[in-house]
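The structure appears right after this line, and notes come after that.
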Amino acid sequence: MDSDIKKAGPRETISRDLEYGTPTTIRNNRPVKFKIEMTNGSVFEGIIPANTDFKVTVQPGDITNFDIIVEDIPKIPKIVE
């Protein structure tokens, strides 16, 4: 998935099926947003900081959708909310 993120342009969303029981690590050289939708209707959204490992291990029936949203890279430094 990392190579997909690096090729993505601003405002693009990357969706990917995750294998059950297999840890998936997401690491990127810039902050990206994520959105996880659960089977019970819960939605988790946040930011994966640059150069950190974000690990997800899916069990059957847990997650219905997992998206990575690539934002523009700011021209000047700014605080990530």
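Values in this text are rule-based calculations from the coordinates and carry no lab data. The model shown is predicted, which means the values in this text are computed figures rather than measured ones. Using ideal geometry, Cβ is built from the backbone for each residue, glycine included, and neighbour counts are taken over all protein chains shown.
With 0.36 nm allotted per residue and the present C-alpha distance subtracted, the residue 45-residue 80 stretch has 11.2 nm of extension available. Peptides 60-68, 46-54 ranked from most to least packed, by the mean per-residue count of other Cβ atoms within 10 Å: 60-68, 46-54.
Over all other residues within a Cβ to Cβ distance under 10 Å of residue 46, the charged ones net out to +1, with Lys and Arg as +1 and Asp and Glu as -1.
The amide H of residue 28, built 1.01 Å from its N in the peptide plane, has 51, 52 as neighbours under 5 Å, considering only residues 5 or more places off or on other chains. Fully extending the segment from residue 56 to residue 27, taken as 0.36 nm per residue of separation minus the present Cα-Cα distance, adds 9.3 nm.
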